[in-house]
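Step one of this worksheet: look at the structure below.
Nothing in this text is a laboratory measurement; each read-out follows from the coordinates by a stated rule. Not measured: the values here are computed from a predicted model. No Cβ is skipped: glycine too gets one built from the backbone with ideal geometry, and neighbour counts run over all protein chains shown.
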Amino acid sequence: MIRANCRARFTAADFDFIVRTLARSQTDQVSLVDLLSDVETRDSILDHPRLVDAILNHCGHLRISSQFYFYVLARHVLQQGGIGDRKLCDYV
């Protein structure tokens, strides 16, 4: 049975990538870590366009999981197509 649990399988490196990409200061880093612990807030943060830009524009090896990589990119494409269901991205 396929389970829609992609977001539940993100790694510490994935969350570190989010914090490094979105935080503008040390204070922001601490606040983001706190916000990422809340599921609904985390889902909103995962929709931030800077994450997509950081993934697509990175020249070297990304230190993120394949689940995170494909979730962020699939979510972005589905949103552009008018599909807003986050659970669908857990399957893709």
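Among the residues of the stretch 24-41, are any in contact (Cβ under 8 Å) with a residue 24 or more places away in the chain, under 19 Å from Lys87 (Cβ atoms) and surrounded by 12 or more Cβ atoms within 10 Å (Cβ to Cβ)?
no
How many of the residues in the stretch 44-92 are surrounded by fewer than 13 Cβ atoms within 10 Å (Cβ to Cβ) and in contact with a helix residue (DSSP H, G or I) (Cβ under 6 Å, 6 or more places away or on another chain)?
So the count comes out to 2.
Could you list, in sequence order, the residues of the stretch 50-69 that are in a helix (DSSP H, G or I) and free of Cβ contacts under 8 Å to residues at least 60 places away in the same chain?
Arg50, Leu51, Val52, Asp53, Ala54, Ile55, Leu56, Asn57, Ser66, Phe68, Tyr69
Would you confirm, using the coordinates I've provided, whether Leu32 is within 21 Å of Ala8 (Cβ to Cβ) and more than 13 Å from the chain's Cα centre (by Cα)?
So Leu32 fails the test.
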